[in-house]
Amino acid sequence: MKFLRTRWLEVTALLVVGAAVVRGVTVAADVTQGDVQRIMYVHVPAAWLAFLAFGVTVVGSVAWLRSGKPHWDRLAASSAEIGVVFTGLAIVAGMIWARPVWGQFWTWEPRLVTTALLFFIYLGYLALRRAVIDPVERARRSAIMGIVAFIQIPIVYQSVNWWRSLHQTSSRNSIDAPLRVTLWLAVLAFTFAYAVMLRRRLELSLLEAALELRQLEGSQAVAGAAVVAPSLEKAGHHG
Amino acid sequence: MSFWRQAFEIARKDLLVESRTAEVALMTVPFAAVGLILIPLAIGTDAPLLTDLGPGLFWVVVLLFGVLVILRKSAVDGGPQRDLVRLLGIDPAARFAGATLATSLLVLLFEVLLGPVVIALYNPALDGWGWLFIILPLVATGMGLLGSLTGGVTTSLGTRTSLTPLLIAPLALPLLLGATQALESLERGRSILPWLALLAAVDLALAVTGVLAARPLEEAII
């Protein structure tokens, strides 16, 4: 019982992901595309999760700027990391889907290009975090970057509407009911998976912060031992 | 001293430093021109193809080489300069506005100097060229704002010269899209107002973010 109480999120995520996998494999395939269409149950939820993760990064960034509490910075950073992973997954799944449907892995299609750039924007955000050593300074700079980076999200989302290209517009309500139910189940499963990953990453970042503090204290002790106040007695001796 | 007066003085200081070295006019523009000469050697010197590609290449070069305008030495204040500005009681938002104004003017200068080079080398169609009086300043303002924001978050970092382009280039996508699509719409006889609206909206969003973030950024930079 104690295990269920402390690990209810992981257990629920496992059940929902399991149900989504079974449903995704067993539901009837799309008549036109066949089995390859099943990759939609990975591609669409991964893209949705990327948006969600980057949205959480903005929330964490704004909250840190308002309160200065370290856990908001950890939330923003952890969510951005997961967001980058899911953006990469959405791109790769999209490319695998595109090969049989469009005849090539990559086309110069607005949704693909804007999503790829979104991936690099958040890679830049993570690179910025690594470049700053002081935790407070890092949090402040990253919070501003986390907010600026979010400007890209509406452009990625709207790209299929602004430029009518190969990528279809939102189809969640236009597809057949069995496929739609499966897609929503996959979205739910991915969301639970995100929640589990975020929780784990937050626990890890807490340990990282403690380690960073210990290393900082350790290096201060070394510097403190090396730099000592001048002794009057010795100064008199040399003088 | 009023907010705008402070911003104006900061911009004047940045432009004065720039005028002493003329880094943009004498170094960045020629470097970009070399880039525009080299591109056809790589993709082919077919005249109709280059005429089609000219406007797009102009914006790509403005975006990529414009990063050098943002990263120019005159945009970098050392620790003593920053301390002096703080001690003078300059409002961080005014400092952001001033730095943005100076960078935007220099990016605009960069665009204006590079325009004839593209026309001479690529012979692009110049339908509706009058709209450039609106498009060029909108893009320059966006680049200036992005430069001040990303330059602010990377100030005094050892990896500044590598990190800033990585942050700016993908974030400048809306500016590139707005500019290229506006010119394409002109060529096809469609309305360009949605694209101008996109450019203006991005500029506004960046300006609001920049002004709000100016004080926290000031505190972050030691």
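Values in this text are rule-based calculations from the coordinates and carry no lab data. No experiment lies behind these values; they were computed from the predicted model shown. We place every Cβ from the backbone using ideal geometry, glycine too, and count neighbours over all the protein chains shown.
In this structure, the amide hydrogen of A:Val132, modeled 1.01 Å from its nitrogen in the peptide plane, lies closer than 5 angstrom to no residue at least 5 positions away or on a different chain.
For the stretch A:68-128, the fraction of C-alpha pairs more than 14 angstrom apart is 62%.
Extension gain, B:Val34 to B:Phe133, is 33.1 nm, computed as 0.36 nm per intervening residue step minus the present C-alpha separation. Fully extending the segment from A:Trp184 to A:Ile133, taken as 0.36 nm per residue of separation minus the present Cα-Cα distance, adds 14.2 nm.
Work out the charge dipole of the protein assembly as shown with +1 on the Cβ of Lys and Arg and -1 on the Cβ of Asp and Glu about the Cα centre, then indicate which of A:Tyr122, B:Pro124, B:Ser185 is farthest towards its positive end. Of the listed residues, the answer is A:Tyr122. Comparing B:Leu15, A:Leu15, B:Val211 along the charge dipole axis of the protein assembly as shown, the residue lying farthest to the positive side is A:Leu15, per the Cβ-charge model. Per residue, chain B reaches -27000 deg cm²/dmol at 222 nm when only DSSP H runs of four or more residues are counted, each adding -39500 (n - 2.57). How charged is the neighbourhood of B:Phe65? Take every other residue with its Cβ under 13 Å from the Cβ of B:Phe65, and add Lys/Arg as +1 and Asp/Glu as -1. Net charge in that neighbourhood comes out at -1.
Summing charges over all other residues whose Cβ lies under 12 Å from the Cβ of A:Tyr194, with Lys and Arg as +1 and Asp and Glu as -1, gives +2.
Which chymotrypsin sites (Phe, Trp or Tyr not before Pro) does the stretch B:1-42 hold that lie in a coil by DSSP with at most 11 other beta carbons within 10 Å? Mind showing how you got there, number by number?
On the way: sites: B:Phe3, B:Trp4, B:Phe8, B:Phe31; in loops: none.
Within the stretch B:1-42, no chymotrypsin sites (Phe, Trp or Tyr not before Pro) qualify (loop, at most 11 other Cβ atoms within 10 Å).
Between the stretch A:1-66 and the stretch B:159-210, what's the alpha-carbon centroid distance in Å? So the separation of the two Cα centres works out to 32 Å.
Roughly speaking, what is the centre-to-centre gap between the stretch B:130-152 and the stretch B:52-74 when only Cα atoms are used, to the nearest Å? Cα centroid of the stretch B:130-152 versus Cα centroid of the stretch B:52-74: 11 Å apart. Close amide H pairs (under 5 Å, H built 1.01 Å from N) link A:Phe105 with no residue at least 5 positions away or on another chain. If you take every residue apart from B:Asp127 with its C-beta less than 10 Å away from the C-beta of B:Asp127, what net charge results, scoring Lys and Arg +1 and Asp and Glu -1? So the environment of B:Asp127 carries a net charge of 0.
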